[in-house]
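Q: Quick one: this structure, given as structure tokens, is what I'll be asking you about.
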Amino acid sequence: MFDLLGRQRQDRKKVCLLMKIHIEYQNQFGKWNHYQTKHNEADAYRVAKNRANQTGKRHRLVNENGSLLDLVEPDR
């Protein structure tokens, strides 16, 4: 497509930057179980930190590709 001056117009595609962050906890056998999915990394960390302290279990934040973002240990 061309603009009014005859230059080729570049179509700009909208890029979706939402990343799903999965909160998982580790059970007594060492297996990671899914707990919750969030889109906000700060909120996901806050939830994982609070829940780790309440349950005494390790939690981790994993992105949708399976890459580890953070590992949360309980304070106890």
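Q: Working carefully through the options ARG51, ARG12, find the one that is at pLDDT 95 or above and of a type outside the set (Phe, Trp, Tyr).
A: Details: ARG12 fails: at pLDDT 95 or above.
Of ARG51, ARG12, the one residue that is at pLDDT 95 or above and of a type outside the set (Phe, Trp, Tyr) is ARG51.
Q: Please list, ordered by first then second residue, the pairs with beta carbon atoms under 8 Å, 6 or more apart or interchain, first in the stretch 24-36 and assigned to a loop (DSSP other than H, G, I, E, B), second surrounded by 10 or more Cβ atoms within 10 Å (Cβ to Cβ) and aromatic (Phe, Trp, Tyr).
A: none
Q: Among the residues of the stretch 32-67, which ones are out of contact with any helix residue (DSSP H, G or I) (no Cβ under 9 Å at 6 or more places or on another chain), of a type in the set (A, V, I, L, M) and surrounded by 14 or more Cβ atoms within 10 Å (Cβ to Cβ)?
A: ALA44, VAL47, ALA48, ALA52, VAL62
Q: Do we find that LEU61 is within 15 Å of MET19 (Cβ to Cβ), touching a Phe, Trp or Tyr at 6+ places or on another chain (Cβ under 7 Å) and either part of a loop (DSSP other than H, G, I, E, B) or at pLDDT 95 or above (or both) in this structure?
A: Details: within 15 Å of MET19 (Cβ to Cβ): yes; touching a Phe, Trp or Tyr at 6+ places or on another chain (Cβ under 7 Å): yes; either part of a loop (DSSP other than H, G, I, E, B) or at pLDDT 95 or above (or both): yes.
The answer is yes for LEU61.
Q: Which members of the stretch 18-31 meet the condition of being surrounded by fewer than 14 Cβ atoms within 10 Å (Cβ to Cβ) and at pLDDT 95 or above?
A: LYS20, ASN27, GLN28, PHE29, GLY30, LYS31
Q: Same structure again: Could you run through the stretch 64-76 and say how many residues are touching a residue at least 12 places away in the same chain (Cβ under 8 Å) and assigned to a strand (DSSP E or B)? Give the derivation first.
A: Start the filter on the stretch 64-76 by keeping residues that are touching a residue at least 12 places away in the same chain (Cβ under 8 Å), which leaves 64, 69-76.
Add one more test, that the residue is assigned to a strand (DSSP E or B), and what stays is 69-72.
Residues that pass the stated criteria total 4.
The values are calculated or read from the model by the stated rules, or taken from the named source; none is laboratory data. All of these numbers come straight from a predicted model, not from anything done at the bench. Cβ sites come from the backbone with ideal geometry, for glycine too, and all protein chains shown count toward neighbours.
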